[in-house]
Amino acid sequence: MTRGWRFSYWSRNSLATRIALASAFFGFLMTGGAIVAGFYALSHQLDARSAAELLGKRDLLMHVLSEIPSLEAVDPNKHRFGDLLIGHDDLHLALADPVSGKILTSFSPIATQSASAPDAFPVSSTSIQSWTATTGERLSTLRGSSPVANGMTVQYALSLDRRHDRRLLGGFIKTTLVGWPLLLLVVALGAWLNARTSLAPLRRFHRLAASIGAKSLGRRISSSGLPPELYELAEEFNRMLERIDAGYQRLQDFSGELAHEMRTPVATLMGRTQVALSHPRTSAEFQEVLEGNVEELERLSRLISDMLFIARADHNEDPLNQERVELAQEAQRVADYLSLIAEERGLAVEVTGKATVMADRLLVERAITNLVSNAIRHAVAESKIRVAISAGDNSVTLAVTNHGDAIAPEHLERIFDRFYRIDSARARLDGGTGLGLAIVRSIMLAHGGQAMAQSRSGGEVTFMLIFPAAGVSPSGLS
């Protein structure tokens, strides 16, 4: 529960705040590491400086001792040793007889303490020991022995009080603890300002998205002056708006066309029914009215069925039941099925060529049926309708050709649109819904293919179904 609340709280923060907090966190880690490294580096430098100072004073001390004639002369020459300590109140020196352990001379209680504990530190001329005096001072001590002029040795204990170094380190820590939060605050604030400035175009996206409605889908984001990341986002956003605008326009057009298509049969039904009810009628008259109403209702039923089919095909709601389909067999089956209708107008349907595709058999049969039916309706009497099948390297083409009225180029571009008719009156008399070719295009798009139309001089019109060849992906189509 706590974890979910934390995630929810974090997700509610703005992107600029997240960047600021993340920058502060990483700044905390980086500066923390730098502070720790700096502390240890400073401590090491102070230790090295203290060691160098002790070793330098030890060399001077050994030089002075070499000029002292004997152990008994050490105390009378105390002032010479004191000269070594002038200006160094943190240095402490004590000299002792190594045999008896007697303190020959001492310049402070700390020095006496360091020289009077012979077992505390091993006698060495190079090793520096750190220890704490009884009064609490932390010291570094260099102990050893050096000969005087007569060859006798004197034990020395040279100590350095590290209180100044501790104060320096303490000041470093105190300054760090005071300045560290301020530094992190500056880093976080700078990151927040930088992120807020850099993300300003996103607020433009927000304002534009908030202002877009059904009447303002034509608005676009200006991508000039944007960084590459946001430029690509703006371009994709504009392309998305274009797709939404185009889809909305198609939906509006479709709604208007559907209302227009349904208005005619509904108006016809209402008119016939009102006329039939306005006066007493015989059973035969009522039967005639009902037969006419059934025709209009069948047309409405076909219209609704076709629209549902196109909607499901466009959204891929029904998966394709793909299998190997021999186009020549399917085309011949359709030609045989429509042969009676064709013979009524003196037309013949001829199927040539053969090829196999991977497709949904029922959908392919419907597409061929729509094209051949369309050709029968528009072909001139006593002519031939040709269904030609050919296979290329990457595609298979089924072409339905008839001779009739030529189709103008402006109509060819829209002939597969829903409810589009070149001759609306004739199409309604034939019982068409204006969706046959739109269904063909939807079927071909579902198969990764294309539907095309050509019109040549002399009234030769060809509709083509272009399938991907078996084993070739739709991207293989040109």
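Odds and ends about this structure:
- R0 of 60 Å, Cβ-Cβ distance Arg243-His279: FRET efficiency to nearest 0.05: 0.60
- Point-charge dipole on Cβ atoms (K/R +1, D/E -1) for the stretch 55-97, about Cα centre, debye to 20: 80 debye
- Per-residue accessible area (protein heavy atoms, 1.4 Å probe) orders Arg162, Arg167, Arg143, Arg196 as Arg167, Arg196, Arg162, Arg143, starting from the largest.
- Per-residue ³J(HN,Hα) for the stretch 60-70, Karplus 6.51 cos²θ - 1.76 cosθ + 1.60, θ = phi - 60°, Hz, x for Gly and Pro: 5, 4, 5, 5, 5, 4, 5, 9, 7, x, 7
- Rolled with a 1.4 Å probe across the full set of protein chains, the surface gives Ile304 an accessible area near 90 Å².
- Computed lengthening from Leu185 to Met152, 0.36 nm per intervening residue step minus Cα-Cα distance: 5.3 nm
- For Ser255, the solvent-accessible surface with a 1.4 Å probe is about 60 Å², rounded to the nearest 10.
- Note on Lys354 and Leu340: their simple-model spin labels are 2.9 nm apart, each label 7 Å out from Cα toward Cβ.
- Scanning residues 5 or more positions from Val349 or on other chains, those with amide H under 5 Å from its amide H are Ile385, with H placed 1.01 Å from N in the peptide plane.
- Surface composition of the stretch 337-395: carbon plus sulfur atoms contribute 50% of the solvent-accessible area (1.4 Å probe, protein chains only, all chains present).
- Accessible surface ranking that places the most exposed of Leu371, Leu185 first, with a 1.4 angstrom probe: Leu185, Leu371
- When +1 charges are put on Lys and Arg Cβ atoms and -1 charges on Asp and Glu Cβ atoms, the dipole computed for the stretch 313-373 relative to its Cα centre reaches about 200 debye.
- Val178-Leu60 FRET efficiency (beta carbon distance; Förster radius 51 Å; 0.05 resolution): 0.80
- Estimated vicinal HN-Hα couplings, Hz - the stretch 75-81 in sequence order (Karplus 6.51, -1.76, 1.60; Gly, Pro = x): 5, x, 9, 4, 5, 5, 6
- Here Tyr40 sits with roughly 150 square angstrom of accessible surface, probe radius 1.4 Å.
- Each other residue within a Cβ distance under 11 Å of Arg239 adds +1 if Lys or Arg and -1 if Asp or Glu, for a net charge of -3.
- For the set Trp131, Trp192, Trp180, the ranking by accessible area, highest first and with no ligand, DNA or RNA atoms included, is Trp192, Trp180, Trp131 under a 1.4 Å probe.
- At R0 = 51 Å, FRET efficiency that the Cβ-Cβ distance of Leu15 and Ala41 yields, to 0.05: 0.85
The values are calculated or read from the model by the stated rules, or taken from the named source; none is laboratory data. Model, not experiment: these values are computed from the prediction. Backbone-built Cβ (ideal geometry, glycine too); neighbour counts: all protein chains shown. The accessibility values were calculated without ligands, DNA or RNA, using every heavy atom of the protein model including side chains. Shrake-Rupley method; radii C 1.70, N 1.55, O 1.52, S 1.80 Å.
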